[in-house]
Amino acid sequence: MDRIEKQKHLVVVVGPTAVGKTDLCVRLAKHFRTEIISADSRQFFREMAIGTAKPTAAEQQGVPHHFVDSHSIKETYNAGAFEQDVLALLEKLFEQHEVVLMTGGSGLYVRAVLEGMDEMPEVAPEVRQALTQQYEKEGLQPLLDKLQELDPLYFAQVDKANPQRVVRALEVCLSSGLPYSSFRSSEKQGRPFNIVKIGLTRDRSELYGRIDQRMDLMLEQGLLEEAKALYPYRAHNALQTVGYKEIFDYLEGRYDWEEAVRLLKRNSRRYAKRQLTWFNKSPEEYTWFHPQQWQEIVAFIDERVLNFE
């Protein structure tokens, strides 16, 4: 039985927004006759279509995509739940497929599946609500100051431009009375399948041009109207991100439309840079390709699968 389990392979394709993950993975899924698991923490939500660049039915080309439109924005969903759900799904998929694909740019969600999540304490809902309200009224800096006071170790590591990470750490600190870093371990959990890691990247000017084009397309498709419909749920973690927050600020009169569009593009480029930084933390883990290096990518996967077996 162990030998059968070890002959299963999860091919993980990561990379920044707009790099071309969807097109490549659909092509790979057809080549390997398999299915795709989305590890994009915003594409889970049915109500968020335009601002997440969710692949349309036409773009999916008949390839099954899991965890796209799987939840409602009214639900709470996190990386720990995603880990458990994906592992359960993989058991079923590996009964039919030798290779399964997982793709996305949400580093925490990818890591949860590959390495496991630390057990975190329960968070009191009122603590989360209070922190979210404080962030909306006062911005990120007071929360950063509080985190530095309660957990200087994690403060030194956290992405200080990411409100989700800061709020998450603070809610654990305040609910448990202990530093968030005390719940984080470096132990990786083993998985009963082989993992092949691929990163996609492009020249920076090329990538940034694609991001700007994608933002223009989103606006043409009705991103403003989508954000208006989502405004009542703006405190949801999934909406505290690029593509929605800039429009929420515009709707609240913090700046005009021209400035909102400028910030939308600038912050999207910055988000792509942060994604690349995340996946490059351990450069030996991912092998990087341009999305158009089809033959090289397929050969790399074949080699890793055959060598493992």
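The values are calculated or read from the model by the stated rules, or taken from the named source; none is laboratory data. Please read these numbers as outputs of a predicted model, since none were measured by experiment. Ideal geometry is used to build each Cβ from the backbone, glycine not excepted, and the neighbour counts take in all protein chains shown.
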Looking at the stretch 211-263, which of its residues are of a type in the set (A, V, I, L, M, F, W, C), closer than 22 Å to Q129 by Cβ and not in a helix (DSSP H, G or I)? A235
Would you confirm, using the coordinates I've provided, whether V158 is buried (at least 17 other Cβ atoms within 10 Å of the Cβ) and at pLDDT below 95? yes
Does any residue in the stretch 16-39 that is more than 16 Å from Q295 (Cα to Cα) and touching a residue at least 12 places away in the same chain (Cβ under 8 Å) come within less than 6 Å, Cβ to Cβ, of a residue that is crowded, with 20+ Cβ neighbours inside 10 Å and hydroxyl-bearing (S, T, Y) six or more places away or on a different chain, and which pairs are these? A39/S106; A39/Y109
Check the stretch 188-207 and report whether any residue there is polar (S, T, N, Q), in a helix (DSSP H, G or I) and modelled with pLDDT of 95 or more. yes
Output the residues belonging to the stretch 80-92 that are farther than 15 Å from Q189 by Cα and touching a Lys or Arg at 6+ places or on another chain (Cβ under 9 Å). L90
Could you please find all residues in the stretch 31-43 being part of a loop (DSSP other than H, G, I, E, B) and within 10 Å of the chain's Cα centre (by Cα)? A39, D40, S41, R42, Q43
Contact list, first residue from the stretch 284-295 and in a loop (DSSP other than H, G, I, E, B), second anywhere and modelled with pLDDT of 95 or more and of a type in the set (A, V, I, L, M, F, W, C), beta-carbon distance below 8 Å, six or more apart or interchain, is Y286/V14; Y286/I198; H290/L200; P291/V19; P291/L24; P291/L200
Scan the stretch 133-144 and tell me whether some residue there is among the hydroxyl-bearing types (S, T, Y) and either touching a residue at least 60 places away in the same chain (Cβ under 8 Å) or part of a helix (DSSP H, G or I) (or both). yes
Can you tell me how many residues within the stretch 108-138 are farther than 30 Å from L10 by Cα and among the aliphatic types (A, V, I, L, M)? 5
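Taking the stretch 57-75 on its own, how many of its residues are outside any helix (DSSP H, G or I) and free of Cβ contacts under 8 Å to residues at least 60 places away in the same chain?
The total comes to 13.
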Residue hits (the stretch 44-69; hydroxyl-bearing (S, T, Y) and under 14 Å from the mean Cα position of the chain (by Cα)) are T52
Within the stretch 163-187, which residues are modelled with pLDDT under 85, surrounded by 15 or more Cβ atoms within 10 Å (Cβ to Cβ) and not in a helix (DSSP H, G or I)? R184
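Yes or no, residue by residue, for (1) assigned by TED's automatic domain parsing to the domain that holds R27; (2) of a type in the set (A, V, I, L, M); (3) under 24 Å from G199 (Cβ atoms):
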| site | (1), (2), (3) |
| --- | --- |
| P64 | yes, no, yes |
| V68 | yes, yes, yes |
| V86 | yes, yes, yes |
| E136 | no, no, no |
| A156 | no, yes, no |
For the stretch 108-120, does any single residue satisfy the condition of being farther than 18 Å from E187 by Cα and either assigned to a helix (DSSP H, G or I) or out of contact with any helix residue (DSSP H, G or I) (no Cβ under 6 Å at 6 or more places or on another chain) (or both)? no
